[in-house]
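A.B. asks: Have a look at this one.
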Amino acid sequence: MVYKFVVMGCAASIAYLAACSDDASPSFAEPAESSAASSSSVILSGDSRDDSAGSSTKSSDYRNSSSSAAGQSSSSSETVSSSNSETTSSSSAEPAAQYLWHDEFDGETIDTSKWTFEIGTGASGWGNNEWEYYTSRKENAYIKDGVLHIRAQKEDYEGQKYTSARMLTKGKFAFKYGTVEARIALPTGKGIWPAFWMLGENFDTVGWPACGEIDIIEAVNIENKIYGTNHWANGAEYATYGNNTGDYRNQKFELDITQFHTYKFTWDEKYIRMFVDDFMYHEILIEGNEGDTEEFHKPFFFLLNVAVAGNWPGFEVDDSQFPNEMLVDYIRVSK
């Protein structure tokens, strides 16, 4: 998770990267059709960022992870009001055969053939000084009425004041190139930080940022905007490039993120693009490894999580919001 600046530049990674000079900035070229007034930026920073621009790097929480994976317990039957969204699933009408991978969340329990969990607080709060303890309990992740609920709670647990869940497909599913469509409703609240994102499958061998990171959806606090960002290694340095729905190519897309929206991520040999309800809020040119982006021509796996506090949302948390949930109707991957 990183601070975002509105200008090209570089900084020190809080975790372990040394300060760099301006000439260490990646030679990334924005697509030719992009406006020069775009809100996008390139950052060389580690675990913090400014709320006014692109996305934080969850890679920083993953690279310092000391957690273990665990299976999923049975689903919860209780009703929680944490988002204004209707939780009725629309996934059952779609045929499964057309997808490279998908999860409609139609069962009674989370499918452990598709998902595992990271447990605990990670190193230094997942590298971002987060305050939650991630569990695999039904209190923090469950399926109800065809919708996955990832719930952050205010409770004393294993020395922490908050709990939540962090699910991933690492070791179970990864892919290179394709289209991802997901129907998701996000939580808002002071100190809340939900995300749907990806890391390179080769993380265990090359580490971060050399594995690459793709943040499809991030939101913080009570903002009604979505951030999309790429993070990668630019030679010996770290680079990031992101945009958001608040100002992309001189356009603003207003949305209530607590309602269900359709998010789409397209990825091929030339571009990575991100959309919400057909509005594009992020694009990066990767053709020919532009800007030293070879990481984005290798397989990636998914992560879903809801963090509480941290370097990006800050350390003021409104406890009245809990329990607070991310709702996921479906995730579908096609070629």
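The values are calculated or read from the model by the stated rules, or taken from the named source; none is laboratory data. Since this is a predicted model, take the numbers as computed values, not measurements. Cβ placement follows ideal geometry from the backbone for every residue including glycine, while neighbour counts extend to all protein chains displayed. Accessible surface areas use protein heavy atoms only, side chains included; no ligands, DNA or RNA. Shrake-Rupley method; radii C 1.70, N 1.55, O 1.52, S 1.80 Å.
A.B. asks: If the requirement is being open to solvent by less than 30 Å² (accessible area, probe 1.4 Å) and more than 18 Å from I214 (Cα to Cα), which of these qualifies: T258, T293?
C.D. replies: Criteria check complete, one pass: T258.
A.B. asks: Could you tell me whether any residue of the range 223-246 is touching a strand residue (DSSP E or B) at 6+ places or on another chain (Cβ under 6 Å), free of Cβ contacts under 8 Å to residues at least 40 places away in the same chain, open to solvent by 30 Å² or more (accessible area, probe 1.4 Å) and among the charged types (D, E, K, R)?
C.D. replies: Within the range 223-246, one or more residues are touching a strand residue (DSSP E or B) at 6+ places or on another chain (Cβ under 6 Å), free of Cβ contacts under 8 Å to residues at least 40 places away in the same chain, open to solvent by 30 Å² or more (accessible area, probe 1.4 Å) and among the charged types (D, E, K, R).
A.B. asks: Being surrounded by 15 or more Cβ atoms within 10 Å (Cβ to Cβ) and in a helix (DSSP H, G or I), is that true of even one residue in the range 300-319?
C.D. replies: So far as the range 300-319 goes, no, none of its residues is surrounded by 15 or more Cβ atoms within 10 Å (Cβ to Cβ) and in a helix (DSSP H, G or I).
A.B. asks: Still on this structure, I have one more. So which pairs qualify, if the first residue must be in the range 150-163 and open to solvent by 10 Å² or more (accessible area, probe 1.4 Å), the second must be not in a strand (DSSP E or B), the Cβ gap must be under 6 Å, and the two must be at least 6 apart or on different chains?
C.D. replies: Q153/F322; Q153/P323; K154/D319; K154/F322; Y162/W131
A.B. asks: Okay, next question. Is there a residue in the range 170-177 that is part of a strand (DSSP E or B) and buried (at least 24 other Cβ atoms within 10 Å of the Cβ)?
C.D. replies: no
Residue-by-condition table, conditions (1) of a type in the set (A, V, I, L, M); (2) over 15 Å from the mean Cα position of the chain (by Cα); (3) in a strand (DSSP E or B):
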site	(1), (2), (3)
E181	no, no, yes
I184	yes, no, yes
G189	no, yes, no
P194	no, no, yes
W197	no, no, yes
D204	no, yes, no
A210	yes, yes, no
I217	yes, no, yes
I222	yes, yes, no
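A.B. asks: Of all residues in the range 196-235, which are of a type in the set (S, T, N, Q) and at pLDDT 95 or above?
C.D. replies: Within the range 196-235, N202, T205, N221, N224, T229, N230 meet the criteria.
A.B. asks: Sticking with this one: List the number of the failed condition for D204; all other conditions in (1) free of Cβ contacts under 8 Å to residues at least 24 places away in the same chain; (2) touching a helix residue (DSSP H, G or I) at 6+ places or on another chain (Cβ under 8 Å) hold.
C.D. replies: Among (1) free of Cβ contacts under 8 Å to residues at least 24 places away in the same chain; (2) touching a helix residue (DSSP H, G or I) at 6+ places or on another chain (Cβ under 8 Å), D204 violates only (2).
A.B. asks: Next question, about the same structure. So in the range 115-131, with the set limited to residues that are at pLDDT 95 or above and farther than 21 Å from T169 by Cα, which one is surrounded by the most Cβ atoms within 10 Å (Cβ to Cβ)?
C.D. replies: E130
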